[in-house]
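Presented below is the structure to which this report refers.
The values are calculated or read from the model by the stated rules, or taken from the named source; none is laboratory data. Computed from a prediction, not measured in an experiment: that's the story for all the values here. Methodologically, a virtual Cβ is constructed for each residue, glycine included, from the backbone with ideal geometry; neighbour enumeration extends over all protein chains shown. The protein model used for the area step is the full one, side chains on, heavy atoms only, and it has no ligands, DNA or RNA in it. Shrake-Rupley method; radii C 1.70, N 1.55, O 1.52, S 1.80 Å.
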Amino acid sequence: MLALVVYAKRNVRDMAERAFRSLANQKRKPDKLIVIDDASEAGFDDVKERVLDLRLEDCHVQVLRNERTQGLCGSLNTAILKLMEYADEEKCYVSFLREEDELTPLHFKGLEVATKCCVEAVVLTDIRVKGPNKTIEMLRKSTPQGHLARLFSLDLDLASCLMGAVAVRLDVLMEAGMFNEALRGMQTY
């Protein structure tokens, strides 16, 4: 099972143009999509409407709302706990996407290939992010150490855009204690 958690906080219209457009263009859709509205500026109804406009077939979609802002880590934890209600923890890989980011069109197709008969807890996928000077690429064939070195060489905002490059098995997220809500979002990754 491949799951995606999308974090919505700021401008949902931009999210519809980037994150949701990239999701709609996937060659293989996720099995489960959870969109967590962290008291967004647009409001829950607008977020929900835009998610439903995607009309994702064969994808179980759920939109959750935080009554108060929990921040990135708190929101991701809320989504993970909801995902546990539906998923076999050892067979579910979850990736995360912020509202202003986008996935490459073969993101979930690549994840599907990478996780077949996979015993690894963390799977890397291809991702491209427009950097200040040039496009930054992280490729599946890179080593995890290469990914980490690349992440830590970037500023926090740009590095957090790359969080979609990693998919983690749900049982490993639970064993690790999920996300530390006391830390800034990128430090957790």
Next on the checklist: Run the simple label-point estimate for Asp88 and Ala176 please: 7 Å along Cα→C-beta, distance reported in nm.
Outcome noted: 2.3 nm
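Count the net charge of all other residues whose Cβ sits under 15 Å from the Cβ of Val172, scoring Lys and Arg as +1 and Asp and Glu as -1. Please report the intermediate quantities before stating the final value.
On the way: positive: Lys91, Arg169; negative: Asp88, Glu89, Glu90, Glu120, Asp171, Glu175.
After counting each charged neighbour, the total is -4.
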Checklist entry - Val122 to Lys109: extension gain in nm, 0.36 nm per residue of separation minus the Cα-Cα distance? => result 3.1 nm
Item to check | Charge sum, other residues only, whose C-beta stays under 12 Å from Lys48's C-beta, Lys/Arg counted +1 and Asp/Glu -1 | outcome: -3
Checklist entry - Can you pull the percent of the range 1-109's accessible area that's carbon plus sulfur, 1.4 Å probe, other chains left in place? => result 43 percent
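Which order do Leu81, Leu2 take when ranked by solvent-accessible area (1.4 Å probe, heavy atoms of all protein chains), largest first? Don't skip to the end; give the middle numbers.
Details: Leu81 90, Leu2 5 Å².
Largest accessible area first, the residues go Leu81, Leu2.
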Checklist outcome for this item: Row for the range 1-106, column shape: gyration tensor on C-alpha, a ≥ b ≥ c, rounded if a/c < 1.5 i.e. under 1.5, prolate if a/b over b/c, else oblate; value oblate
